[in-house]
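Working notes for the structure below.
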Amino acid sequence: MPVYSSLTHALAEALVDVLWFVESCEDEQMDPDDAVKVLEGVGHLVSKLSKGQRSEFLDLLAVMAHAESDPARREFLEGFPKGFGLLDDAV
């Protein structure tokens, strides 16, 4: 039995995992300029999602936040839509 209900959900989880890591890295773990490039790159990518894709991603983020037991990661998930520009022009 698959862990995730869809490929989209699995990829959203993977993306959030990577961004959570980048966001929480200390300067000794990752160059801050590189971290900013990664975060801005994802912000640009998600800004290009169609309204339907954006809506689906927002729904997945809400499901993920609801299921998250780590308070800090849940806060990251809850802030993700605003932090990555998903709420601009959202349906």
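The values are calculated or read from the model by the stated rules, or taken from the named source; none is laboratory data. Note that the coordinates shown come from a computational prediction; the quantities given were computed from them, not determined experimentally. All Cβ positions, glycine included, derive from the backbone under ideal geometry; neighbour counts span all protein chains shown.
Restricted to region 1-25, and to residues there that are part of a helix (DSSP H, G or I) and of a type in the set (G, A, S), the residue that is farthest from F76 (Cα to Cα) is A10. Just wondering, is there one or more residues in region 72-91 that are at pLDDT 90 or above and among the β-branched types (V, I, T)? Taking every residue of region 72-91 in turn, none turns out to be at pLDDT 90 or above and among the β-branched types (V, I, T). The test for being surrounded by 15 or more Cβ atoms within 10 Å (Cβ to Cβ) and not hydrophobic (A, V, I, L, M, F, W, C) holds for H9.
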